[in-house]
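Quick notes on the structure that follows.
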Amino acid sequence: QIVHLADYRPTDFVLERVDLTFELDPTNTKVEARLIFHRREGVDPTAPLVLDGDELTLSGLLLDQNEVPTSQYDVTPEQLTVRDLPAESPFEITITTYINPEANTQLMGLYRTNGIYCTQCEAEGFRRITYFPDRPDVLAPYTVTIIGDKAANPVMLSNGNFLGGAGYDEGRAFAAWFDPHPKPSYLFALVTGDLGVVEDTFTTMSGNEVALKIYVEHGKEPRAAYAMDALKRSMKWDEERFGREYDLNIFQIVAVSDFNMGAMENKGLNVFNDKYVLADPETATDQDYANIEAIIAHEYFHNWTGNRITCRDWFQLCLKEGLTVYRDHEFSADMRSRPVKRIAEVRHLKSEQFPEDAGPLAHPVRPTKYREINNFYTTTVYEKGSEVTRMIATLLGRDMFKKGMDLYFERHDGDAATVEDFVKCFEDASGRDLTQFSLWYHQAGTPLVTASSSYDQSSGTFTLSLEQMVPATPGQSTKDPMHIPLSFALILDNGSLATPEGVTGGEVTEDVLHLTERRQTFTFSGISSRPVLSLNRSFSAPINLHFDQTPADLAHIARHDTDLFARWQALTDLAMPNLMQAARDARDGKDVTCDPALIAALLEAAADETLEPAFRAQALTLPSEADIARELGSNNDPDAIHAGRTAVISAIAEAGEKSFVHLFETMKPEGAYAPDAESAGKRALRNIALSYLTYSEGSPARAAEAFASSDNMTDLAQALTLLAHRFPSSSEATSALASFLTRFDGNPLVIDKWFSIQATIPGADALSRVKSLMENPRFISTNPNRVRSLIGTYAFSNPTGFNRADGEGYRFLAEQILAIDAKNPQLAARILTSMRSWRSLEPQRADHARAALTTIERAANLSTDVRDIVERMLKG
Ligand code: ARG
Ligand code: ZN
């Protein structure tokens, strides 16, 4: 039941082509698959053909159009084995299955949602459609014929180029598609239904005109305009930055409202969660716009990194995901502010991936075993995978990195490749040995680097001692030293950067120190006065850094570093010890204090008009309660963390009230709403100022006024959040929630926000609120977005509400996980990971958490998805 990387071997049979015919019916869709195979050279001539299935019933089996006698095959819902096949010549297997899209609540394979037929095949959903060698290293061209009710399915789509379509018989129509690019089954897609479309074109760098189509529910077409714009910018950017051109005459996107994940890169036919397509000023926030831009780009970029070059097996998932996340990060950085984008990436990495790496679910970027592959679409594979790619670019420099990427595209186009293949391209392009660096793919856990430094005036030398330690993780008790690229600067008193005459103790390339040993001391000479070291600038390596810098040195970095990311990092480092102490003091019933130096540094950054507003907003946004919990590491009391952090915020709010009023009054972008990064930055700064003002003024009046006067969803949602979170029992909050509901009822993506805002109101009352929201008729338990917006948000993003000292939050979640699991295992397993840090809670809460997890573990009929997560969580 456990799959091991070491067991990989190629299939016995080579698949030459695939011909699929679907006769659509909501409960009884007929699928006929004609597959042409030949036996791979050198394979035992008696070896049978073994195909994967999942909940399938075989209703017909032909070999070269002749019925196969039952003695020649074995079949179960999970497997079809056919014996006595030709030793050498190609043969055709025709398989007929009937499937029930309406009953498919897992949303894997072919399912029906709101009258639309839709597929999701990654990772192993295709085997729910027909028996097939359902693995990523089996590539073939596909022809697809779709037959369905004409009136209900005016749109009939599949991968590749449209061949033709017309009336089929009375009442039914057909459409045929051919995808010439050999692809694995996980990239197959079919979508049909009555959908509206937005059309455009893109001319590629060699002059091919590509038809672009985005399909949405009728009436929602105007809300797809931004996605279309993002798509065209993505296509252009990939040509300019990576030399990648699109390769079919049509590119289509479909937005659906019931989808397990964000989106899916099916060849030529991307399927999206509509939350990442639909936007207009009235209903989408700045964050929604940024997400749409990033995810449209991500899926489009997969056309080369994922589709043209795919994965040999699912252990190689980061080959396409880590690399494609890196590419979409670079795209967003080019479209927006690079340092602000980097800050957002690092916040996300630290809040999602670091806890995963530090808890029972820790696994390497390239795992070596899995029980359920769906549970490995993780922030480690995606985000840490992206960081690893980014480090290759840092190690090699921009030009060598480009050379390596070009070589990768040239050498592996059409392949199902491995991480080793990828790394080899950079070694060959640069001549650099990346053996030690590759440990980043294989060793789980966030490395801890401890730094200490000294300056010697008489010799003009600056000495930096570094020590690295990679913590033990499940299944990996000892680790080897890693190759850690640390970007650095030595900042002098006047704020300029020192240029050392020489460095000894290890390799230094441009502004990067290469830490490769367990302990290493670098000595810089020719430094005329004591410098302040800024280390791991731009977050060049995804590590935890312990470096006891004085508040004065941190403030110096925050004021002078030329790397804006490092300035933000210094402010965070200044705030964190304060917030940790505040949590301890709150726990011990002591008064919480806030260092005036921290307040001064924050207010200075906030008021600095040479800095972009988006950056200043980031500077004012303190580490989250989850960030503080992670830094504290163990024995966590979320109530104390909340109380301590709230007291620190109040102190900053009091001291800075004048500045916050000023920012609130001046940071309103001119004119009508526009989603560009600059306007978004102003709104962000204005809204964080408003947030501080709710603390200093202690009244809902200003937020209520902002709610009433806002003309866009960013400001409206922020004002509503402040009213609900800061003044939950005020009449202002109650009436704002009610008017928001009335105004947006019938717009599911906005109603999701209405649920999320209430699910995250801090405090023990959150549970009863969540329970009563589940009784609301708008809570639809089969819609993944809605379930995530209420139950997921409560468990992931409401530390005090979920981690009740009496354990009721955990018991509630356990019940919900079991209910969700019965319908949609992937969704259940994902939400359950919200408990991944349970071992770092104080003992009483940890006991309650363990008990709740044990209840899940002991339940009957658990899916493999939930069983895998819960068992690792209890064991690791
Ligand atoms: N490949 C998709 C993407 O990253 C995500 C697919 C997620 N699949 C899953 N089984 N969780 O764009
Ligand atoms: Zn992806």
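Derivation of every value follows stated rules applied to the coordinates shown; laboratory data play no part. Bear in mind the structure is a predicted one, so any value in this text is a computation, not a measurement. Please note: Cβ atoms are built from the backbone with ideal geometry, for glycine as well, and neighbour counts cover all protein chains shown.
Within the stretch 596-634, the GluC sites (Glu not before Pro) that combine a DSSP coil assignment with at most 15 other C-beta atoms in a 10 angstrom radius are Glu609. Across the stretch 213-301, C-alpha contacts under 8 Å between residues 6 or more apart give a mean separation that, scaled by the residue count, equals a relative contact order of 35 percent. Where both bridge residues fall in the chain, DSSP classifies roughly 80% of the beta bridges as antiparallel.
Comparing Gly359, Phe437, Val419 along the charge dipole axis of the stretch 359-442, the residue lying farthest to the positive side is Gly359, per the Cβ-charge model. Whole-Hz Karplus values for the stretch 627-638 come out as 4, 5, 4, 5, 5, 5, x, 8, 6, 7, 10, x Hz, taken residue by residue from phi with 6.51 cos²θ - 1.76 cosθ + 1.60 and θ = phi - 60°; glycine and proline positions read x.
Within the same chain, lysines fewer than 8 places from Lys771 are excluded, and of the rest, those with a Cα less than 20 Å from its Cα are Lys753, Lys823. Normalising by residue count, the chain has a Cα convex hull of 167 Å³ per residue. Amide H contacts of Glu16 (H built 1.01 Å from N, in plane; Pro and chain starts excluded): Ile36, Phe37, His38 sit under 5 Å, all sequence-distant by 5 or more or on other chains.
Set the Cα radius of gyration of the stretch 402-499 against 2.2 N^0.38 Å, with N its number of residues, and you get 1.53.
One Cα centroid belongs to the stretch 510-584, the other to the stretch 322-383; the line between them spans 23 Å.
Between Asp745 and Glu282, the FRET efficiency from the beta-carbon distance, with R0 = 22 Å, is close to 0.95.
Computed from backbone phi with θ = phi - 60° and the Karplus coefficients 6.51, -1.76 and 1.60, the 3J(HN,Hα) list for the stretch 359-365 is x, x, 8, 4, 8, x, 4 Hz; x is used for glycine and proline. Size descriptors for the stretch 176-284: radius of gyration and Dmax over Cα atoms are 14.1, 42 Å.
Taking the number of Cβ atoms within 10 Å of each Cβ as an exposure proxy, the fewest-first ranking of Leu49, Leu464, Leu741 is Leu741, Leu49, Leu464. Toward the positive end of the charge dipole of the chain, with +1 on the Cβ of Lys and Arg and -1 on the Cβ of Asp and Glu, the farthest Cα among Ala684, Asn273, Pro69 is that of Ala684. Using 0.36 nm per residue and subtracting the Cα-Cα separation, the extra length available between Arg519 and Glu410 on full extension is 35.3 nm.
How about the stretch 375-457: which trypsin sites (Lys or Arg not before Pro) there lie in a loop by DSSP and see at most 12 other Cβ atoms within 10 Å?
On the way: sites: Lys384, Arg390, Arg398, Lys402, Lys403, Arg411, Lys424, Arg432; in loops: Arg432.
Listed in order of number, the matching sites amount to none.
Against the chain, whose longest principal axis is taken from its Cα atoms, helix 286-301 shows a tilt of about 50°.
Centre-to-centre separation between the Cα atoms of the stretch 700-725 and those of the stretch 50-68: 59 Å. The charge dipole of the chain, taken about the Cα centre with unit charges on the Cβ atoms of Lys, Arg (+1) and Asp, Glu (-1), comes to about 1300 debye, rounded to the nearest 20. Mind pulling the angle between the C-alpha long axis of helix 338-348 and the longest principal axis of the chain? Nearest 10 degrees, somewhere in 0 to 90. So the inclination is approximately 80 degrees.
Applied to the stretch 405-422, the Karplus parametrisation 6.51 cos²θ - 1.76 cosθ + 1.60 on θ = phi - 60° returns per-residue 3J(HN,Hα) values of 5, 4, 5, 4, 5, 6, 6, 10, 3, x, 8, 9, 9, 10, 4, 4, 4, 5 Hz, with x for Gly and Pro.
Can you list which of the chymotrypsin sites (Phe, Trp or Tyr not before Pro) found in the stretch 805-873 are DSSP loop residues with at most 11 other C-beta atoms within 10 Å?
Working: sites: Tyr810, Phe812, Trp838; in loops: none.
Passing sites in the stretch 805-873 do not exist.
Think of each Lys and Arg Cβ as +1 and each Asp and Glu Cβ as -1; about the Cα centre, that makes the dipole of the stretch 71-220 roughly 200 debye. Less than 5 angstrom separates the built amide H of Met667 from none of the residues sequence-distant by 5 or more or on a different chain. Across the cross-link table entries Lys183/Lys232; Lys350/Lys384; Lys479/Lys875, which are compared at the Cα atoms, the separations over 18 Å belong to Lys183/Lys232; Lys479/Lys875.
Each label point was placed 7 Å from the Cα along the Cα-to-Cβ direction; for Thr610 and Arg858 their separation is 6.5 nm.
Explain nothing, just the number: relative contact order of the chain, from Cα pairs under 8 Å at least 6 residues apart, as a whole percent.
Details: 1741 pairs, mean separation 70.9, N = 876.
Computed value for the chain: 8 percent relative contact order.
Each of Phe162, Asn208, Thr130 was scored by the projection of its Cα onto the charge dipole of the stretch 121-246, and the greatest displacement toward the positive side belongs to Thr130; charges sit on the C-beta of Lys, Arg, Asp and Glu. Averaging Cα coordinates gives a centre for the stretch 191-244 and one for the stretch 124-143; these two points are 27 Å apart. Residues whose amide H lies under 5 Å from that of Leu195, counting only those 5 or more places away or on a different chain, are Val155; hydrogens are built 1.01 Å from N in the peptide plane.
For Asp74 and Thr203 in one chain, what is 0.36 nm times their gap in residues minus the Cα-Cα distance, to one decimal in nm? It would help to have the intermediate numbers written out before the result.
Numbers: separation 129, 0.36 × 129 = 46.44 nm, distance 5.07 nm.
In short, 41.4 nm is gained.
Label positions at Glu631 and Ile2, each projected 7 Å from the Cα along the C-beta direction, are separated by 3.7 nm. All other residues whose Cβ lies under 10 angstrom from that of Phe315 are scored, Lys and Arg at +1 and Asp and Glu at -1, for a net of +2.
Contact order for the stretch 473-515, expressed relative to its length and based on alpha carbon pairs under 8 Å spaced 6+ residues apart, stands at 44 percent.
Nearest 0.05, what FRET efficiency do Asn494 and Glu670 give at R0 = 45 Å with Cβ-Cβ as r? Write down the numbers at each step before the final one.
Working: r = 37 Å, r/R0 = 0.83.
For R0 = 45 Å, the calculated efficiency reads 0.75.
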